[in-house]
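Worksheet: one structure, shown below.
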Amino acid sequence: MSKYLLDKFLFTVDRDPELVERYRADAAGTVTWWEQEYANKLLNCTSDERSTWLAFTDEERRALREYDHVALFELGAHPFLTLTLFIAMFERDHGPLEYQKAYGRAMAHLHPPYPDIAT
Amino acid sequence: MATVAAVIASTHHPFYYRASTATGDDRPPFADAWVAKIEAFRETLTKARPDVLVMVGSDHFHQLWLDNMPQFLVGKAPFFDGNFYNEEREFGLPRMTLPGEEQLAAHILRNGLDAGFDLAFSNELRIDHSITCPIITLRPQADLPIVPIYTNIFAPPLPRPRRFVELGRTIRRLVESWPGDQRVAIIGTGHLSLELGGPRQFGEHGPDPVFDRKAIDWIASGDLDGCLAEVTLDSLHLPGNATHGFMDFLLMMGVAGAGAKADHVDSLDLFHTREAYFTWYPNGVPA
C-alpha cells in the first residue's frame, strides 16, 4: 500500500488547473503518465533529483483510473484531497450541491471508525 | 509591553465571501442573517483598535505537504500572499496580499523555541482560507500587519489537544512580553463538527449538533477542564472526520485562559457545519 503516493497524486493534480482537466478528460492515460513521469518527482527540488521507489498498487491504480472515490476512501486516501479534486472535476455537471450529496450517499454503507488516513 | 487587545475565535467558512457578495437569484436565503452576524462580530475587533494581528489557522494542503510536514509553523515574512487557485475555483475567494510583522514573528519564534515548542518557520508562506477568511469577515480592509501561525490538524500523527492549549497559553505570554506599546489581537479559526469526503458531509446541519452545542458552551464559558475531559484525538473522529480542526478552538481557549468567559458569543446553524463566533477582551470591554 502506498497511501502517500495516492495523496501525492490527488494533491499535485488538484493544485494544477491543467492537470485537473487532463485527469477529467483521460483518467487512465493521466494516471499512467503521472506514475511514470511524476510519482518520483521531489516536489521541492530540481527535476534532476528524484526518488526511485514510489509506485501504486494495482488496486490504487484502478481506483484512480475509475474515479472510484469510495475505494479511495477505503484505501485511506486523505478525504479532503479526494473530495476537493472530484468536486473540481464533476460539480460542473450537476446542480447546486447535487454532486457533493451524491458523493456522500455513495458512502452510506461506511460507518466510523473510518480507515486510518495516516501515511 | 504589548497589550492583548482582543482574543477572537471563530469558524472559517469559505463560502461566506461568495454568499455575502451574491445578488439576485444567486443570493442564498441565509445570506442576510449571516452578514448581520458577521458585521456584529467584526465590530468586536474594530472596537479593540488593534495594531497587529496574530492569526492562527491550519493549511489545507496548499503550501504545506506530507514530504515535510510541520506541526506548528510561524510565518516570518514582510508580506503574505493569500489564497490558492483551488480556493478561487471552489469558493470564489479573492487573491490578496497582507503585510507581515516580522519583529513579532521573530520574538514568537525565539521565545517559543525556548518555551519548549519546536516551531517551524517560513520566510515565504502563502496563506490559505483558514487565515484569509477571518480577514474577509473581521478586517476586510486588510490593512494590519499579521503573524500567521499554522497548526497541523490535518495530517496524522497530530499533536494532542492539550498541546494546542499549551501553545495557546504560550502565544499569549509571548505577545504580552513583546517590547513596545502595540495593541495585538490574537485571532484563530477552527471547526465545530465537520465531515469532509465521507457519508455525513453536506447535510442540512453540521454532522453532530449535540457536539456543536457542547463545544460552544465549553468555549463561551472557558471550560477547559470539561472540554479536555471529553476531547481526545480518538473522540474527535466521532462528530465527523474533519472535526480535529476543533483543536484550533482549544488553542484559542488557551490564549483566552481557563475560566475566561467570552464577551461576545454567537453562532449560526448552516448547512454542512455550524458557524460560531467568540471574542474576549482580556483588559476589559472597550468603550
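Listing for the model above:
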| quantity | calculated |
| --- | --- |
| Output for segment A:92-117, where each listed residue is touching a residue at least 40 places away in the same chain (Cβ under 8 Å) and within 7 Å of chain B (Cβ to nearest Cβ) | A:L110, A:Y114, A:I117 |
| Identity of the residue in segment B:195-206, facing chain A (nearest Cβ under 10 Å) and in contact with a Pro (Cβ under 9 Å, 6 or more places away or on another chain), that ends up most open to solvent (accessible area, probe 1.4 Å) | B:R200 |
| Residue within segment B:239-251 that is surrounded by fewer than 16 Cβ atoms within 10 Å (Cβ to Cβ) and in contact (Cβ under 8 Å) with a residue 24 or more places away in the chain present | no |
| Index of the failed condition, A:S47 passing every other in (1) part of a helix (DSSP H, G or I); (2) away from chain B (no Cβ under 13 Å); (3) open to solvent by 50 Å² or more (accessible area, probe 1.4 Å) | (1) |
| Index of the failed condition, B:P14 passing every other in (1) buried (at least 19 other Cβ atoms within 10 Å of the Cβ); (2) more than 14 Å from chain A (Cβ to nearest Cβ); (3) of a type outside the set (S, T, N, Q); (4) closer than 16 Å to B:Y277 by Cα | (2) |
| Check on B:I186, part of a strand (DSSP E or B) and more than 18 Å from B:F84 (Cα to Cα) | yes |
| Members of segment B:17-37 that are open to solvent by less than 20 Å² (accessible area, probe 1.4 Å) and in a loop (DSSP other than H, G, I, E, B) | B:A22 |
| Hey, B:F249 among the hydrophobic types (A, V, I, L, M, F, W, C) and within 14 Å of another protein chain (Cβ to nearest Cβ) or not | no |
| Residue within segment A:2-22 that is modelled with pLDDT under 95, assigned to a loop (DSSP other than H, G, I, E, B), more than 21 Å from B:H62 (Cβ to Cβ) and open to solvent by 10 Å² or more (accessible area, probe 1.4 Å) present | yes |
| Residue in segment A:25-35 that is modelled with pLDDT of 95 or more and within 13 Å of chain B (Cβ to nearest Cβ) present | no |
| Residues of segment A:66-119 that turn out to be aromatic (F, W, Y) and within 18 Å of B:N86 (Cα to Cα), as a count | 4 |
| Qualifying residues in segment B:135-158 (those that are assigned to a loop (DSSP other than H, G, I, E, B) and more than 14 Å from every other protein chain (Cβ to nearest Cβ)) - the one nearest to B:L250 (Cα to Cα) | B:R139 |
| Residue match in segment A:65-87 (condition: buried (at least 19 other Cβ atoms within 10 Å of the Cβ), over 22 Å from B:I153 (Cα atoms) and away from chain B (no Cβ under 13 Å)) | no |
| Residue match in segment B:209-221 (condition: more than 14 Å from every other protein chain (Cβ to nearest Cβ), part of a strand (DSSP E or B) and open to solvent by 10 Å² or more (accessible area, probe 1.4 Å)) | no |
| Set B:G197, B:G180, B:G254, B:G245: member being among the small types (G, A, S), farther than 26 Å from B:R139 by Cα and not in a strand (DSSP E or B) | B:G197 |
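The values are calculated or read from the model by the stated rules, or taken from the named source; none is laboratory data. Being a predicted model, the structure only gives us computed values, none of them experimental. Backbone-built Cβ (ideal geometry, glycine too); neighbour counts: all protein chains shown. We work out accessible area using only protein heavy atoms, side chains counted, and drop any ligands, DNA or RNA first. Shrake-Rupley method; radii C 1.70, N 1.55, O 1.52, S 1.80 Å.
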